[in-house]
Every structure is written in C-alpha cells, then in structure tokens.
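The values are calculated or read from the model by the stated rules, or taken from the named source; none is laboratory data. In this text, all values refer to a predicted model and were calculated from it rather than measured experimentally. Here the Cβ is made from the backbone with ideal geometry for all residues, glycine too, and neighbour counts use every protein chain on show.
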Amino acid sequence: MQAKVLVIACGAIARELVRIKAMNHWDHIEYQCLPAALHNTPENIPKAVEAKIQSQARNYQKVFVAYGDCGTGGKLDQVLDDYGIERIPGAHCYQFFTGTEEFNRMAETEPGTFYLTDFLTRNFERLVIKGLKLDQQPQLIPLIFGNYKRMLYLAQTESEDLQRLARRYARFLGLEYEYCFTSDRPFALALEPSLGPTSHDQGVKIP
C-alpha cells in the first residue's frame, strides 16, 4: 500500500498543485497550504512550516514541503533537516515553474527582471499595488522598481485575461513586458521524484 503523504505547501502554488495531483492520479497525497502572505515576512515561514509539521506529521507516513527557500536565508532548510523532511529543490517558485536551467538562462539574459506567475498576476493589485501603497504614493514606483527593466510573466495557463492584466501591470510599473508559457510540466517533473508512485516511504522525526 502506498504511503500516505502530507504536502505542506505555499498557498501561492495551490492551484498548480491541485492540477498536478489530478493529472498524475496522486491520490495518496493530501495538501495543506499556508497563507501566501507569509512571503511578505519570509522570516516567519520556517516557524509556520514547523508548526504544521508538529501538529500534523504523526498522521502521515511521509511529509514533503512544497516551498523553495523563499527568502528564508537557509533557515527553512535548517528546520527541515531537524525532522528529516525533504523540500522541492530551488530558491523560489519561479525556478521550479520553469526548471533550474531555463530560469538561470532567463536571469542571465536580463538580471533586472520582475517575475509574475498566474497567482501574482491575479493578486497583483492586492499584494503589490495596494500592499506597497503604490496607488496612494506613485512616487514610490521608481524607488522600488527603478532597478528593474522588464516584467516577465511566467504563465502556468494560457489565460488571455491574465495576459491582459500582466501587460497592464508592466505599463503601470514602466517596465518592458515579456511572456513565457511554462505550463505545469516543469513543476510536475520537479515534484515527481518525491511524490510520484515510485517514491519510497520514510518516517518523519518528531522531537
């Protein structure tokens, strides 16, 4: 019988995780997502993940964490090492949405890139414009985004509505706009070694 797996994940990638689970028939997996707003205070991500591990891990044969480092400066990995838990490789979701090699190529092509995903495009108004008070203080735009040259929309779906929004936000910030359809495939390939049917059961250490 296949191990029952808990995936502790960032809420910003919840839609993609649900699609990939359905596409691969990974019925042994259960997701529990933490608020995407934790990215505004990345120092709180390790504690939030650890709290979820301590409260839920005993109910599963395996726990996996669907977070990159996400600005924690290695502190998330320190927590996971204590419990013997693996996470998805990479520094952030942009890397596993595109694949490491492709993301590195994009970053080298234009280091001054602000990246969008489907989630960030849907929530740009709330998280960026209002979150940074750019609607009230537009003079902050060059101060915050002055070192960026382009906005690159890494799209998981081919939604024309989201593409229109992304172009609007690029104009709002005064950035060049580029579009790249990633699909869910690179993300699924990054998850498969740990969550796929051939992954091995492992115990979770609870101090």
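Scanning the stretch 11-33 for residues that are surrounded by 19 or more Cβ atoms within 10 Å (Cβ to Cβ) and touching a strand residue (DSSP E or B) at 6+ places or on another chain (Cβ under 6 Å) yields a count of 3. Taken over the stretch 145-161, the residue count meeting the criterion of being surrounded by fewer than 11 Cβ atoms within 10 Å (Cβ to Cβ) and more than 12 Å from Leu175 (Cα to Cα) is 3. Consider the stretch 56-112 and keep the residues that are touching a Phe, Trp or Tyr at 6+ places or on another chain (Cβ under 6 Å) and assigned to a loop (DSSP other than H, G, I, E, B). The one that is surrounded by the fewest Cβ atoms within 10 Å (Cβ to Cβ) is Gly112. Looking only at the stretch 13-36, how many residues end up being hydrophobic (A, V, I, L, M, F, W, C), over 13 Å from Ile88 (Cβ atoms) and part of a helix (DSSP H, G or I)? Final tally of qualifying residues: 5.
Look through the stretch 158-195, keep the residues that are out of contact with any strand residue (DSSP E or B) (no Cβ under 8 Å at 6 or more places or on another chain) and assigned to a loop (DSSP other than H, G, I, E, B), and return whichever of them is nearest to Ile144 (Cα to Cα).
So the first thing to find is which residues in the stretch 158-195 are out of contact with any strand residue (DSSP E or B) (no Cβ under 8 Å at 6 or more places or on another chain), and the list is 159-161, 164-165, 168, 172, 174, 183-190, 192-193.
Subset that is assigned to a loop (DSSP other than H, G, I, E, B): 159, 174, 183-184.
Values: Ser159: 28, Gly174: 12, Ser183: 30, Asp184: 30 Å.
Once the filter is applied, the top-ranked residue is Gly174.
Taking the stretch 45-87 as the range and being under 20 Å from Leu116 (Cβ atoms) and either in contact (Cβ under 8 Å) with a residue 40 or more places away in the chain or aliphatic (A, V, I, L, M) (or both) as the test, the residues that pass are Ala66, Tyr67, Cys70.
Any residue in the stretch 113-126 that is surrounded by fewer than 19 Cβ atoms within 10 Å (Cβ to Cβ), hydrophobic (A, V, I, L, M, F, W, C) and either under 23 Å from Val7 (Cβ atoms) or modelled with pLDDT under 95 (or both)? For the stretch 113-126, residues surrounded by fewer than 19 Cβ atoms within 10 Å (Cβ to Cβ), hydrophobic (A, V, I, L, M, F, W, C) and either under 23 Å from Val7 (Cβ atoms) or modelled with pLDDT under 95 (or both): absent. If you go through the stretch 121-143 and pick out every residue that is in contact with a strand residue (DSSP E or B) (Cβ under 9 Å, 6 or more places away or on another chain) and not polar (S, T, N, Q), you end up with 1.
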